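Step one of this worksheet: look at the structure below.
Derivation of every value follows stated rules applied to the coordinates shown; laboratory data play no part. Since the model is a prediction, treat every value here as computed from it, not as a measurement. Don't worry about glycine lacking a Cβ; one is built from the backbone with ideal geometry, like all the others, and counts go over all protein chains shown.
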Amino acid sequence: MNVLLLGSGGREHAFAWKIAQSKKLKNLYIAPGNPGTALLGENINIGINDFEQIKKFCVETKINMLVVGPEEPLVNGIYDFFANDEQLKHIAVIGASKAGAMLEGSKDFAKEFMQKYNIPTARYKTFTLANINAGFEFLEMLAAPYVLKADGLAAGKGVVICENIDNAKTTLAEMLNGKFGAASQKVVIEEFLHGIEVSMFVLTDGISYKLLPEAKDYKRIYDGDKGANTGGMGAVSPVSFVDDTFRKKVCSQIIEPTIAGLQTEKINYQGFIFLGLMNNCGEPYVIEYNVRMGDPETEAVLPRLDADLLDLFEGVATKTLHNKKCETLNQTAVTVICASGGYPDSYRKGIEIFGIENVDKSIVFQAGTTVCNDTLQTSGGRVLAVTSLDDTIENALQKSYESIAKIKFQNMYFRKDIGQDILNYKK
Ligand code: AMP
Ligand code: GLY
């Protein structure tokens, strides 16, 4: 089959790596891709939201399947664009419909959905500028810290956690007055959930589902979970506290009601659901839904997946996922992100990267890289994702850090404590 994959990050390099291993693949194209994906297929210079160019390419190249990496084209309705076009409707799209993508595209929609279908999540209320005073009163009723979320997509920056009430009120006013543009015209205020976070991933054809390996993400820039929020500085899979009991609760209390709710609402959903969960004393709560895979979690999850990804996707497209085999390797995967010094604030780009070719015990997924004058250079904040598999988390960590020691670029920064919280976790 001919596959077009949309996206250009480390997640998409990991997708390309897994798709390239499929027995069902004929040609793989990635739009726009990165130098890492170019090693596995052909990069096509088309933007992820340029639906007309994507259509032209799919028709000319006889694409059979479109795999959507990031959320933006889904929220913009790429699934529906394909489903409603005579020339495209035979092409399988792996990704939620526009209505389904609202689970990520609108926090208010997601909270209302969870409330309606009794899915455990933090108590909340949504406010606009018209009822800001009610928002202040609601904040007074909650205990610190305060969680404020822009309703719409805000490039991963729309969640603000405030330590005191004065700061929470000022932030609410700022958000409703356009701090995140149109995304914060509505603000969800919710109860702060205590516990330890985990990311869980579901692939669904809208009827049945497969639970993929879980992962833990490291969001803050500095060791010990200090400093600014980032896209994610590393990931580990599996996560020790996700045992059978916890997994069963996630399936029965969260995943099954979510899929049943989508059916009741007549929302087409054939793709990934990413559950950002809080484990509070063994009970799972949904912090957020995403309609895509996580980054960098994908770089740790897909190497553990013992399945032909295109075979699973075919099951999604034909609603026969229940017949497909999807096993997990009994190994630990550790991903460490090598970032540009200064990220997530300002950082330099165009710095030459050396030594990837010397890495032989890990997989180096490329994220913020570009080729310029025949040399590999940095082009983003998160530059490389170095993934290792081994029997124990300690051994996998050692491999990733040894591999990183072989890679060099000026001002390279990475966290030294990935996985330490899991090693130290006591039930
Ligand atoms: P998000 O952008 O939705 O991924 O949220 C960013 C981060 O904010 C999450 O990963 C959590 O660490 C934190 N967060 C969001 N909602 C809550 C909540 N209700 N209680 C505690 N932490 C939260
Ligand atoms: N790593 C978190 C995310 O992809 O949103």
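Calculate the dipole size of the chain relative to its Cα centre from +1 charges on Lys and Arg beta carbons and -1 charges on Asp and Glu beta carbons; express the result in debye to the nearest 20.
240 debye
List, in the order given, every pair from Lys107/Lys186; Lys18/Lys319; Lys98/Lys125 whose Cα-Cα distance in the structure shown is over 18 Å.
Cα-Cα > 18 Å for Lys18/Lys319; Lys98/Lys125; rest within.
Pick from Asp308, Asp217, Asp345: which residue has the top mean-square fluctuation in a GNM of the chain where Cα pairs under 10 Å get a spring?
Asp345
For the range 143-232, I need the span (max minus min coordinate) of the C-alpha atoms along each principal axis, in Å, sorted largest to smallest.
Dimensions of the range 143-232 along the principal axes of its Cα atoms: 44, 34, 24 Å.
With Kirkwood's inverse mean 1/r over C-alpha pairs for Rh, give me the Rg to Rh ratio of the chain, two decimals please.
Dividing the radius of gyration by the Kirkwood radius yields 0.95.
Do you know the Lys pair count in the range 189-315 for C-alpha distances under 22 Å, with sequence separation 8 or more or different chains?
6
Between Asn118, Gly135, Ala96, whose Cα lies farthest towards the positive end of the dipole of the range 57-160 when Lys and Arg beta carbons carry +1 and Asp and Glu beta carbons carry -1, centred on the Cα centre?
Asn118
Given Cβ point charges of +1 (Lys, Arg) and -1 (Asp, Glu) and nothing else, what value in debye, to the nearest 20, does the dipole of the range 227-288 about its Cα centre take? Don't jump to the answer; show the numbers that get you there.
Numbers: 4 positive and 6 negative charges, 15 e Å.
Approximately 80 debye in magnitude.
Starting from the amide H of Glu42, placed 1.01 Å from N in the peptide plane, find each other amide H under 5 Å away whose residue is 5 or more places distant or on another chain.
Long-range HN contacts for Glu42: Leu28, Tyr29, Ile30.
Using only the alpha-carbon atoms, what does the range 1-96 span along each of its principal axes? Please give whole angstrom values in decreasing order.
Reported extents, whole Å, longest axis first: 33, 25, 22.
Which ³J(HN,Hα) values, rounded to whole Hz and listed in residue order, are derived for the range 49-59 from phi using the Karplus coefficients 6.51, -1.76 and 1.60 in 6.51 cos²θ - 1.76 cosθ + 1.60 with θ = phi - 60°, glycine and proline given as x?
10, 8, 4, 5, 5, 5, 4, 4, 5, 4, 5
Rounded to the nearest 500, what is the 222 nm mean residue ellipticity of the chain from helices alone, with -39500 (n - 2.57) per DSSP H run of 4+ residues and division by all residues?
-7500 deg cm²/dmol
With a Cα-only, solvent-free Debye model of the range 338-384, what are the log10 I(q)/I(0) values at q = 0.18, 0.20, 0.32 Å⁻¹?
Here log10 of I(q) over I(0) equals -0.53, -0.64, -1.20.
Treat each spin label as a single point 7 Å out from the Cα along the C-beta direction, and report the Leu423 to Asp374 distance in nm.
According to this spin-label approximation, the distance is 4.3 nm.
Multiplying the sequence separation of Glu283 and Lys56 by 0.36 nm and subtracting their Cα-Cα distance, what value in nm do you get?
76.9 nm
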